[in-house]
1. Tell me, which residue of the range 116-132 that is surrounded by fewer than 19 Cβ atoms within 10 Å (Cβ to Cβ) and in contact (Cβ under 8 Å) with a residue 24 or more places away in the chain is farthest from residue 20 (Cα to Cα)?
2. Residues being part of a loop (DSSP other than H, G, I, E, B), more than 18 Å from residue 306 (Cα to Cα) and at pLDDT below 95: count how many of those fall in the range 233-267.
3. Pick out the one residue from 194, 180 that is more than 30 Å from residue 44 (Cβ to Cβ), assigned by TED's automatic domain parsing to the domain that holds residue 220 and modelled with pLDDT of 95 or more.
4. Within the range 267-276, identify whether any single residue is touching a residue at least 12 places away in the same chain (Cβ under 8 Å) and closer than 14 Å to residue 223 by Cβ, and answer yes or no.
5. Every residue in the range 32-61 that is in contact (Cβ under 8 Å) with a residue 40 or more places away in the chain, more than 26 Å from residue 98 (Cα to Cα) and part of a loop (DSSP other than H, G, I, E, B), please.
6. Based on this model, can you work out whether residue 83 counts as free of Cβ contacts under 8 Å to residues at least 60 places away in the same chain, surrounded by fewer than 16 Cβ atoms within 10 Å (Cβ to Cβ) and more than 23 Å from residue 191 (Cβ to Cβ)?
7. What are the residue pairs meeting all of these: first residue in the range 5-31, first residue without any contact (Cβ under 8 Å) to a residue 40 or more places away in the chain and outside the structural domain of residue 94 (by TED's automatic domain parsing), second residue assigned to a loop (DSSP other than H, G, I, E, B) and crowded, with 24+ Cβ neighbours inside 10 Å, Cβ atoms under 7 Å, and 6 or more apart or on different chains?
């Protein structure tokens, strides 16, 4: 079970610490390579694998009117880091004081809070310190007198282009789930509780579970084939259709998209359950229908397509 703390001041390492540094938004394949480097070093030496990341994104300090929209929530990031063997997660608040640390002093600052620090693990494009002046070479130079090893990982490419959170955000907004899942290295998923709804789906013959979920980086509005289960150990996956959208056929003034899940078989999932939803394939964009009968006919077609895809 990973220990999670809210700042470097609160962090305590159990033995030699091997620390991955980065925002790790989405924990995609490139991020995983950096994190796995730290986990490998920890297991090889009997130490502890940690991650130093930031909450909120540093752009909220430098571009408060236009911050970077995160791919995943903090809860999903914690879930992914735990799955990959991280034992200590430090969510450092990115303040002006933290951003102002000179690059040459950065390792000293880390060592002052983490006296058992043995190695740092970064991507080859990692920048740090005041004005982002520090790079891999500067980090190696500053860490050598402290006997802290530096492992830098080359960027991973997909179809000749570097994998990046920006690239994944763009694919997600286009509904290109196949590419999203390839770049992430796992199936894109959501976490959220089932909340009471207006039971409109039930009146149409397609009862739905309404899930509270408000991502910063939204998937394309539309209909998806998904898998869903309770976010508990040993729970079973159920195939389903998801609608993420504004429901223009039955609503007039909805501003925030709603995530609705219709299970393809009888389900015992209900209000109050915390769900994990895996997004498998985009089926169609959201649209407004001329009548409820036309909507019902399309939902039936969506269901039939999803059954075949998820079989």
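The values are calculated or read from the model by the stated rules, or taken from the named source; none is laboratory data. Quick caveat, the model's predicted, so the values are computed rather than measured. Neighbour counts are summed over all protein chains in view; Cβ atoms, including those assigned to glycine, are modelled from backbone coordinates with ideal geometry.
1. Of the residues in the range 116-132, the ones surrounded by fewer than 19 Cβ atoms within 10 Å (Cβ to Cβ) are 116, 124-125, 127, 130-132.
So of that shortlist, the ones also in contact (Cβ under 8 Å) with a residue 24 or more places away in the chain come out as 116, 124-125, 130.
On the way: 116: 14, 124: 12, 125: 14, 130: 19 Å.
Top of the filtered list is 130.
2. Counting residues in the range 233-267 that are part of a loop (DSSP other than H, G, I, E, B), more than 18 Å from residue 306 (Cα to Cα) and at pLDDT below 95 gives 14.
3. Working: 180 fails: assigned by TED's automatic domain parsing to the domain that holds residue 220.
194 is the lone residue from the list that is more than 30 Å from residue 44 (Cβ to Cβ), assigned by TED's automatic domain parsing to the domain that holds residue 220 and modelled with pLDDT of 95 or more.
4. Keep residues of the range 267-276 that are touching a residue at least 12 places away in the same chain (Cβ under 8 Å), which gives 267, 269-276.
With closer than 14 Å to residue 223 by Cβ added as a condition, the list becomes none.
Within the range 267-276 (the criterion being touching a residue at least 12 places away in the same chain (Cβ under 8 Å) and closer than 14 Å to residue 223 by Cβ), the answer is no, since none of the residues qualifies.
5. Hit for the range 32-61 is 47, nothing else.
6. Working: free of Cβ contacts under 8 Å to residues at least 60 places away in the same chain: yes; surrounded by fewer than 16 Cβ atoms within 10 Å (Cβ to Cβ): yes; more than 23 Å from residue 191 (Cβ to Cβ): no.
For residue 83, the condition - free of Cβ contacts under 8 Å to residues at least 60 places away in the same chain, surrounded by fewer than 16 Cβ atoms within 10 Å (Cβ to Cβ) and more than 23 Å from residue 191 (Cβ to Cβ) - is not met.
7. Nothing qualifies.
Okay, residues lined up against (1) more than 16 Å from residue 22 (Cα to Cα); (2) modelled with pLDDT of 95 or more:
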| site | (1), (2) |
| --- | --- |
| 58 | no, no |
| 72 | no, no |
| 79 | yes, no |
| 85 | yes, yes |
| 89 | no, yes |
| 113 | yes, yes |
| 136 | no, yes |
